[in-house]
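Some notes on the structure that comes next.
Coordinate-derived values only; no laboratory data. Since the model is a prediction, treat every value here as computed from it, not as a measurement. When we count neighbours, we look across all protein chains shown, and the Cβ atoms used for this are built from the backbone with ideal geometry, even at glycine.
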């Protein structure tokens with residue numbers, strides 16, 4: 001006898017035929033038909049994660065690493081709302097997620113029935129679109145409708161700009177097949193494919209370069225692309241590269257912009273570019289943003305493949321649709337006679353003595369120094385994840401001064417602390433490389449449920465910088481001026497990190513000084529039978545003092 005939910009079972013078959021390999025499922029009853037469909041499919045690997053918020057970030061990490069759509073499945077009620085932080089992050093980072101939310105049938109909405117909320121369009125404008133499955137699963141028109149919805153939704157997650165699509169799935173009981181009902185997949189299920197969009201540049205565009213003498217390139221957040229770096233190496237223009245741009249290996253990369261542009265005299269000396277060329281997503285450096293908004297270029301060209309452009313520097317004059325590496329491949333033929341004086345000015349400014357040995361010798365041990373030390377030991381051909389707040393800011397301040405083959409990820413779509421750990425777990429699950437996360441104590445504790453699952457691999461390494469609270473609010477002048485409100489900003493905590501590591505079977509190490517840190521770093525990244533965490537304990541007030549003294553070097 002056929003299972004009553006056969007058309008729902010076939011959703012998994014459609015996903016498989018369209019290249020989806022992973023699904024993250026949070027346990028529940030209302031989503032049983034979906035769980036049965038995906039968990040039994042031979043070509044889809046399923047992960048069970050109880051905490052929906054963590055599940056969504058793990059799925060996002062898998063999708064980001066594999067660059068394929070990942071399915072998320074949850075039960076009805078508030079479960080799907082817990083996906084919202086990851087949905088927003090995936091929206092702004094353009095990561096493909098297909099969310100299947102089980103629901104009560106429509107006649108029971110707003111009837112005070114348990115686990116029943118208004119689930120349609122629950123992610124608002126952070127989802128590319130949302131769909132509602134019909135309650136009837138057997139009528140030929142309903143089957144056609146379901147197959148069309150699923151195909152369209154998957155295609156939409158992968159169509160540029162990539163993003164999140166929700167399919168709300170109302171189910172009536174009974175959910176579970178009887179003993180005489182067999183779970184089978186229809187190999188003839190209908191598949192609707194789509195083609196990629198090819199964008200070619202108008203060559204007359206590059207002739208305009210002749211009118212600009214001083215050209216500055218700014219790279220925003222993006223995946224590592226060796227072809228892009230190869231093309232940038234052929235162009236005699238400075239390339240301002242945040243740590244999350246993944247182009248710091250380019251020959252003309254400017255890596256210390258956040259520090260050097262603290263100095264207003266240097267800003268004035270560098271002056272405004274004639275032409276600013278940007279690509280990628282957001283940049284971290286606040287000082288770079290201030291500089292570019294103050295010293296506006298004559299023209300600002302932004303390169304992107306699709307969508308509505310942003311104008312964060314308030315100077316945008318032209319949007320160029322296409323792939324950055326192809327743009328620069330064409331551009332290099334029009335720049336051979338350009339002066340390199342502007343380039344040399346930026347390269348010289350970038351040679352600031354960021355870390356003279358005497359600075360840390362005269363300072364107490366701090367999180368700034370600890371992260372600087374950790375960066376020396378990161379293994380080549382590994383992946384570095386940076387949590388938000390101070391971790392990403394510290395690393396962006398000094399960047400990679402060598403040519404390590406390391407790709408950098410950070411949840412800068414919304415720049416929240418939620419999900420940094422879970423995203424890393426997702427990456428590590430589908431990657432054989434060492435995945436290192438540098439994270440603060442509040443970010444770690446807020447997302448520790450990312451460790452509460454069975455998909456943690458031995459390639460996970462966590463550097464936990466523990467200053468006992470939200471140290472970033474000590475760095476900001478205004479919050480520190482209000483007496484009696486410290487607990488609302490810095491949120492002091494005294495959690496025992498070692499006990500948490502024991503709970504989740506992590507190899508735990510502790511240090512509170514540079515000597516111990518260097519001792520543990522020697523073997524921290526070597527192969528291990530379990531994931532490892534190194535807690536680095538620092539003093540919040542000393543951290544502030546070191547950071548203030550450090551920035552004074554460049555003012």
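Computed values, structure above
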{"read-out": "Chain lengthening between residue 203 and residue 40 when straightened (0.36 nm per residue, less Cα-Cα)", "value": "53.4 nm"}
{"read-out": "Radius, Kirkwood style, for the stretch 357-552 when every pair of distinct Cα atoms is counted (Å)", "value": "17.1 Å"}
{"read-out": "Solution diffusion estimate, µm²/s, Stokes-Einstein, the chain, Kirkwood Rh from C-alpha pairs, 25 °C, viscosity 0.890 mPa s", "value": "97 µm²/s"}
{"read-out": "Sequence of 546, 165, 515 once ranked by neighbouring C-beta atoms within 10 Å, starting from the fewest", "value": "515, 546, 165"}
{"read-out": "0 to 90° range, to nearest 10: angle between helix 540-552 axis and the chain longest Cα axis", "value": "50 degrees"}
{"read-out": "Against the rule of thumb 2.2 N^0.38 Å, how large the Cα Rg of the stretch 421-460 comes out", "value": "1.09"}
{"read-out": "Degrees, to the nearest 10: 367-377 long Cα axis against longest axis of the chain", "value": "80 degrees"}
{"read-out": "Difference of contour (0.36 nm per residue) and Cα-Cα distance, residue 528 to residue 296", "value": "78.4 nm"}
{"read-out": "Inverse mean reciprocal Cα-Cα distance (Kirkwood Rh) of the stretch 1-100, Å", "value": "13.5 Å"}
{"read-out": "Ranking of 526, 366 by count of other Cβ atoms within 10 Å, fewest first", "value": "526, 366"}
{"read-out": "Extension gain from residue 347 to residue 363, taking 0.36 nm per residue of separation minus the Cα-Cα distance", "value": "2.9 nm"}
{"read-out": "Highest to lowest packing among 138-145, 298-305, 383-390, scored as the average C-beta count within 10 Å", "value": "383-390, 298-305, 138-145"}
{"read-out": "MRE, 222 nm, helices only [DSSP H, n ≥ 4, -39500 (n - 2.57), over the chain, to nearest 500]", "value": "-9500 deg cm²/dmol"}
{"read-out": "Where only alpha carbons of the stretch 334-453 are counted, the Rg and the Dmax (Å)", "value": "17.6, 58"}
{"read-out": "Relative frequency of Cα-Cα separations exceeding 14 Å in the stretch 244-323, percent", "value": "66 percent"}
{"read-out": "Mean separation of Cα contacts under 8 Å (6+ apart) over length of the chain, as relative contact order %", "value": "13 percent"}
{"read-out": "Viscosity 0.692 mPa s, 37 °C: Kirkwood-radius Stokes-Einstein D of the stretch 6-170 over Cα pairs, µm²/s", "value": "213 µm²/s"}
{"read-out": "Whole-Å semi-axes of the stretch 368-423's equivalent ellipsoid (Cα gyration tensor)", "value": "20, 13, 9"}
{"read-out": "Diffusion constant of the stretch 190-288 at 20 °C, which comes from Stokes-Einstein with the Kirkwood Cα-pair radius and 1.002 mPa s, µm²/s", "value": "139 µm²/s"}
{"read-out": "Label-reachable residues, the stretch 28-45, where backbone N falls under 18 Å from a point 7 Å from residue 152's Cα toward its Cβ", "value": "none"}
{"read-out": "Alpha carbon convex hull of the stretch 205-349, volume per residue in cubic angstrom", "value": "96 Å³"}
{"read-out": "Proxy reagent accessibility, fewest Cβ within 10 Å first, across 89, 13", "value": "13, 89"}
{"read-out": "Between helix 6-17 and the chain: long-axis angle, C-alpha atoms, 0 to 90°, nearest 10", "value": "30 degrees"}
